[in-house]
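The values are calculated or read from the model by the stated rules, or taken from the named source; none is laboratory data. Worth saying up front: this structure is predicted, and the values here are computed from it rather than measured. Here the Cβ positions follow ideal geometry from the backbone for every residue, glycine too, while neighbour counts run over all protein chains shown. For accessibility, only protein heavy atoms count, side chains too; no ligands or nucleic acids. Shrake-Rupley method; radii C 1.70, N 1.55, O 1.52, S 1.80 Å.
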Amino acid sequence: MTPLSKRTIATVGSGVMAEAMIAGLLRGSLVEPTQVVASHPRPDRRDQLHREYAIRSVASNTEAVAGADVVLLAIKPQMLARVGREIGPELRKGQLVLSIIAGATTAALTGILGHDQVVRSMPNTPARLGKGMTVWYATPETTDEQRAQAKALLRALGEEIEVDDEKMVAMATAVSGTGPTYVFLVMEALIDAAVHLGFPRHVAHDLVIETLEGSTLFAKQSGMHPAELRNMVTSPGGTSAAALHELESGRLRTVLSEAVWAAYHRTVELGDQLEAAVSESSRPHPGS
Ligand SMILES: NC(=O)c1ccc[n+]([C@@H]2O[C@H](COP(=O)([O-])OP(=O)(O)OC[C@H]3O[C@@H](n4cnc5c(N)ncnc54)[C@H](OP(=O)(O)O)[C@@H]3O)[C@@H](O)[C@H]2O)c1
């Protein structure tokens, strides 16, 4: 028996990320197609999901949610107020809502859904390949069984870490959530530098991609601190020493640190805006 045996999973907002989870769950035989129902407003998308994964797909979010053990909420943040109001009344005690919506705090989620068994998670883009890193927080009202379900579901996207302080999800949004952006920019800059040196672009691309992948694998498998690894390849008066001098005088570490702080502040700001929008939309309108 696994945490997802005989459990039904509904995906609401069945786009790129929900599909990555469905594909990962089925690939790992964690669930049968009959355990999954996806709702989507577009008929072509419903047909595609049904054809590719043999799962049930429905037009109505409330139909998908009714009776599901876990509801994956993977709509865009701006849809939260509308979809939350729609599915909230269908939710019953015992159902887990697993949100991957960037910036959506548990206060915003529980407020709009009127449901307190909620997980807030932050995956990242490599989740599309099952190579993501997700940080997640569960409200105190969730049961051990529901946390085990959340863990199993998020494993379908790659690695996961549960935190007991929700602030860490916002912090992770700035590090691992936004992290691929930093890496892609460094990747692009190195490729351009290699082209500037005289390499054809496709060669420059391969040199950089393989170097980044190999270095990451080396750091992961050796378990050594990056400074140790860097010292290993920095010989006195050598090429690495010359390059490092330039990187330090360009304040690379400080710039990266400032970028992470900026992303963190923006995450908190977006979370506050989402909470305000959700509470505004829950307030009865005059005359209604
Ligand atoms: N992509 C990432 O790498 C990543 C990483 C971390 C977190 N996230 C979060 O994950 C969530 C989903 O991202 P995504 O990249 O999967 O976006 P996406 O592909 O746009 O998925 C959202 C889906 O919701 C559908 N939708 C629109 N209105 C709906 C409604 N009223 N009811 C139900 N479904 C509706 C959209 O349909 P249409 O296609 O017709 O618009 C779309 O298929 C976002 O909140 C994002 O912040 C994404």
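Key figures for this structure:
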item: Global form of the range 190-262, assessed from the alpha-carbon gyration tensor, a/c cut-off 1.5; result: rounded
item: Per-residue SASA entry for PHE199, accessible area with 1.4 Å probe, Å² rounded to 10; result: 90
item: For peptides 129-135, 244-250, 158-164, sequence by mean Cβ density within 10 Å, most packed first; result: 129-135, 158-164, 244-250
item: Size of charge dipole - the range 172-235 - debye, nearest 20, with Cβ of Lys, Arg +1 and Asp, Glu -1, no other charges; result: 120
item: Theoretical ellipticity at 222 nm over the chain - DSSP helices of four or more residues, -39500 (n - 2.57) apiece, nearest 500; result: -16500 deg cm²/dmol
item: Dipole magnitude of the range 176-288 about its Cα centre (Cβ charges: Lys, Arg +1; Asp, Glu -1), debye to nearest 20; result: 120
item: Computed magnitude of the charge dipole of the range 1-67 (debye, nearest 20; Cβ of K, R +1, Cβ of D, E -1); result: 100
item: Solvent-accessible heavy-atom area per residue, rounded to whole Å², over the chain at 1.4 Å; result: 56
item: The range 145-185, Rg to Rh (Cα coordinates; Rh as Kirkwood inverse mean 1/r); result: 1.05
item: Gaussian network model of the chain, springs between alpha carbon atoms under 10 Å - residue of GLU275, GLU228, GLU258 with greatest fluctuation; result: GLU228
item: Relative contact order %, the chain, counting alpha carbon pairs below 8 Å whose residues are six or more apart; result: 16
item: Segments 105-118, 168-181, 137-150, 230-243 sorted - mean Cβ within 10 Å per residue, highest first; result: 105-118, 168-181, 137-150, 230-243
item: Cα centroid separation - the range 97-172 against the range 180-197, whole Å; result: 32
item: Portion, in percent, of the accessible area of the chain that falls on carbon or sulfur, probe 1.4 Å; result: 59
item: Eligible aspartates and glutamates near LYS6 by straight Cα distance, threshold 15 Å, same-chain separation 8 or greater; result: GLU32, ASP69, GLU145
